[in-house]
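**Student:** Just dropping this structure here.
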């Protein structure tokens, strides 16, 4: 590992004395590593980043990469936003096992003294202190002060592992609350059976939400190492005494423990299929009681994933932020299939158990995933995963195909086997086409093409706006095909995000991506149809104002029109933010604006204005609609305008890409504290991925969806970056980016060479890049305007 740098370790020890108190939590861990003269990548991750603004699925601790289980404390429990782990809250209500897109489940809490679980989480919660808390990827430790219990948490992919050390024996117990609200949904119903004096199992039925349209079963199998005394139950605030079964609403069970000085060890297996499958997951992944081994195995797995990218140079703070962002990119979207490949299909009228195909060794060929939308993924995880983790990208495509084969659509964002129709458009198309063009093709190519094509035609997901479950009207696809644009207002309100001009821009780019795959597969008629549609963006460009502008059904421009007002025809954005959303034809957009110089002036002015507001619509999601921030012309706190810094590369001004991308990285993605981090909505790895690729100086304007995929070169913030390529997918072993004389002021590329050959343009073919080699950049403090 190339991070065995003594000076770095000394910096860590010194800065730990002056950084915010939250960083002291990891101080002992860093000192321990320093004694071995080695620093693991895991130790550079700062889990508390932005944790004061936590969303239900945002915070992670005891979890594996893309783990079904994401076990962590919950301080706030009601709502998809401002819930889960909340750094500034002083009490922990319980520890729950699922923090995912619209999914939650299985909250447990150890207690002592007179039992209060039947009174609700506000009564049985416990005060804690960050001084008694230690967190790193795969592990969480915290002391429950009210009870005198030291809690340690770790996990495998599908099993949570608990270790409770009680200060004293005083009616010690562990409760399982099957009546509480958990983030996005209440617990509708619960069932528990006592199997033995060490085991219980059952399920929680998590109520539907406006996004996840069906109630979803979460099954569990719980086992203690040592026998418990009794299982007791409660319902509707009343204790019911000892029981071997619980069934009903607004209740739960608790296990009374035998007196012992030894720590209590408990395993919790999870499944969306059955309690038997939850037990199978436990038997497959965790057939022992060695807690420390699981922590160690988790560290190794995270180190392996994070170590795909190694960095040198810049400050210790920025190295920590980089690996925190990389960690975020690998954990928000979670597995829903079991260890043997069974999964719950919720695309029909009733739940159905399905089986992932098995390989010659009897193992599932891939995993099935739960995911928030791929809206915005074209500029984030598409680039990062497909370059550094191509096996992950391939698994996700196969997972999408499962839902297409089981139901009707390649999903925009599934939840527990449900279609959610989150956001707008056919957002999976750029991701899939980008993977195909890069040679990531271990799936049924014809089937996936037909699934994408269906999404782009009447009756497909383009016809659905946000969370439109029962109709196919809010997307306005029939108007897009007939008129060449989606009208705004559409008229009847079918669901969310009915923002015609913004939808038009998304559809046009996604059509262009599909056209490229049609061409690659020799489908000429499809190519012509979708290429023609990809020009529909021109129908919402107003040549008078030089902004994208909504049109009504009669083709009349919106009046009054304010290009800086959000959600007036543009999805979670304004005209100013969305006007540049033409990645397939930036050159054509610039021509309509009066040429490259005019376009550059217009965009540069937007950046200069946005710099005064730190390039974001406030420092948290809750401030996005504040009058002061919402009219910002470039917003790096949300996805619609995150490509804009790299637009300059495509209009002949690459030095402005270098300047503004560095400014954005420094201002938006440079913090390392619980209060700040992403200035908006991280969205399950999207913004973490964006931060990583911008800091490496890479970007894909067209998602790699060109017949010959292209990678933009920007201004890396580190002196050296080494990317270890997956040899199963790419010919090369490593990509090295060496930026000589790099600094906060030397941000401009003076010379660029790839394997000794001078580059005239700051762009590379993805295929050349993945053959491996060295990209040498000479940096300076003045722009070199000779690059084309």
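**Student:** Jot down the per residue volume, in cubic angstrom and as a whole number, of the convex hull over the alpha-carbon atoms of region 590-697.
**Tutor:** Normalising the Cα hull of region 590-697 by residue number yields 100 Å³.
**Student:** Continuing with this model, one more query. Computed on alpha carbon atoms, what radius of gyration and Dmax characterise region 414-565, expressed in Å?
**Tutor:** 15.9, 51
**Student:** Debye calculation, C-alpha points only, no solvent: report log10 I(q)/I(0) for region 402-449 at q = 0.17, 0.20, 0.24 Å⁻¹, in the same order as the q values.
**Tutor:** Summing over Cα pairs of region 402-449 leads to -0.54, -0.73, -0.97.
**Student:** Given a cut-off of under 8 Å on Cα pairs at least six residues apart, what relative contact order in percent is computed for region 40-306?
**Tutor:** For region 40-306, the relative contact order is 19 percent.
**Student:** Another question, if that's okay. List residues of region 757-788, by number, whose backbone nitrogen lies under 20 Å from a label position 7 Å along Cα→C-beta of residue 708.
**Tutor:** Residues 757-775, 787-788 fall inside that zone.
**Student:** Here's another thing I want to ask about it. Once the Cα gyration tensor of region 543-588 is diagonalised, what are the square roots of 5 times its eigenvalues, in whole Å and ordered largest first, as equivalent ellipsoid semi-axes?
**Tutor:** Output for region 543-588: semi-axes of 18, 13, 10 Å.
**Student:** Relative to the longest principal axis of the C-alpha atoms of the chain, give the angle of the C-alpha long axis of helix 275-285, reported between 0 and 90° and rounded to the nearest 10°.
**Tutor:** With both axes taken from Cα atoms, the answer is about 80 degrees.
**Student:** For region 62-125, what does the equivalent ellipsoid look like in terms of its semi-axes, each the square root of 5 times an eigenvalue of the Cα gyration tensor, given largest first in whole Å?
**Tutor:** Those come to 22, 13, 10 Å.
**Student:** State, to one decimal in nm, how far the label point of residue 132 lies from the label point of residue 312, with both points 7 Å from Cα in the Cβ direction.
**Tutor:** Result for the modelled spin labels: 4.5 nm.
**Student:** Between residue 168 and residue 290, what is the label-to-label distance in nm when each label sits 7 Å out along the Cα-to-Cβ direction?
**Tutor:** With each label placed 7 Å out from Cα toward Cβ, I get 3.6 nm.
**Student:** Another question, if that's okay. Where does the chain land at 222 nm, in deg cm²/dmol rounded to the nearest 500, when only DSSP H runs of n ≥ 4 count, each adding -39500 (n - 2.57), divided by all residues?
**Tutor:** -8000 deg cm²/dmol
**Student:** Over the chain, what is the relative contact order in percent, taking alpha-carbon pairs closer than 8 angstrom and at least six residues apart?
**Tutor:** Relative contact order of the chain: 10 percent.
**Student:** For residue 726, put the label point 7 Å out on the Cα→Cβ axis and report which residues of region 512-552 keep their amide N under 19 Å from it.
**Tutor:** Within reach of a label on residue 726: no residues.
**Student:** Based solely on C-alpha atoms, express the radius of gyration and the Dmax of region 115-157 in angstrom.
**Tutor:** Cα-based Rg and Dmax for region 115-157 come out at 12.3, 33 Å.
**Student:** Relative to the present Cα-Cα distance, how much length would full extension add between residue 450 and residue 559 at 0.36 nm per residue of separation?
**Tutor:** Gain on extension, residue 450 to residue 559, equals 35.2 nm.
**Student:** What's the long-distance tail for region 153-234, i.e. % of Cα pairs beyond 20 Å?
**Tutor:** 46 percent
**Student:** How big is D, in µm² s⁻¹, for region 40-306 by Stokes-Einstein at 25 °C and 0.890 mPa s if Rh is the Kirkwood radius over C-alpha pairs?
**Tutor:** 135 µm²/s
**Student:** Here's a follow-up. Roughly what would the spin-label model give for residue 774 and residue 300, points 7 Å off Cα along C-beta, in nm?
**Tutor:** About 3.4 nm separates the two model spin labels.
**Student:** Relative to the longest principal axis of the chain, what angle (0 to 90°, nearest 10) does the C-alpha long axis of helix 6-15 take?
**Tutor:** It is inclined by approximately 70 degrees.
**Student:** Need one number: convex hull volume per residue for the chain, Cα atoms only, in Å³.
**Tutor:** With only Cα atoms used, the chain gives 150 Å³ per residue.
**Student:** For region 646-770, what's the radius of gyration and Dmax over Cα atoms, in angstrom?
**Tutor:** Radius of gyration, then largest Cα-Cα span, for region 646-770: 15.0, 45 Å.
**Student:** Something else now. Work the Kirkwood hydrodynamic radius out for region 517-647: mean of 1/r over every pair of different alpha-carbon atoms, inverted, in Å.
**Tutor:** Roughly 15.9 Å, rounded to one decimal.
**Student:** Moving to a separate point now. Please grab the % of Cα pairs in region 638-692 that end up more than 19 Å from each other.
**Tutor:** It works out to 31 percent of all Cα pairs.
**Student:** For region 427-490, I need the span (max minus min coordinate) of the C-alpha atoms along each principal axis, in Å, sorted largest to smallest.
**Tutor:** Principal extents (largest minus smallest coordinate, Cα): 41, 25, 17 Å.
**Student:** For the modelled label position 7 Å from the Cα of residue 78 along Cα-to-Cβ, which residues of region 179-203 have backbone nitrogen atoms closer than 18 Å?
**Tutor:** 179-189, by backbone N distance to the label point.
**Student:** Based on the Cα atoms of region 204-263, what semi-axes does the equivalent ellipsoid have, where each is the square root of 5 times one gyration tensor eigenvalue, given in whole Å with the largest first?
**Tutor:** 29, 16, 9
**Student:** Follow-up. If all Cα-Cα distances of region 369-469 are sorted into 10 Å bins from 0 onward, what percent lands in each bin, rounded to whole numbers?
**Tutor:** Bins of 10 Å from zero give 17, 54, 27, 2 percent of pairs.
**Student:** Can you give me the C-alpha center-to-center distance between region 667-681 and region 82-138, rounded to a whole angstrom?
**Tutor:** 24 Å
**Student:** Once you compute Rg and the Kirkwood Rh from C-alpha atoms, what is the Rg to Rh ratio for region 455-539?
**Tutor:** Looking at region 455-539, the ratio lands at 0.99.
**Student:** On a C-alpha basis, how far is the centre of region 250-311 from the centre of region 458-473 in Å? Whole number, if you could?
**Tutor:** 39 Å
**Student:** Per the Kirkwood formula on distinct C-alpha pairs, the Rh of region 251-295 is how many angstrom?
**Tutor:** 12.8 Å
**Student:** Please state the Cα pair-distance histogram of region 84-175 with 5 angstrom bins from zero: what percent is in each bin?
**Tutor:** Calculated over all Cα pairs of region 84-175, the distribution is 3, 12, 24, 26, 21, 10, 3, 0 percent.
**Student:** What is the ratio of the Cα radius of gyration of region 275-369 to 2.2 N^0.38 Å, where N is its residue count, to two decimals?
**Tutor:** The value comes to 1.44.
No value in this document is a laboratory result; all are computed from the given coordinates. Here the structure is a predicted model, which means the values were calculated and not measured. Here Cβ is always computed from backbone atoms with ideal geometry, including for glycine, and neighbour counts include all displayed protein chains.
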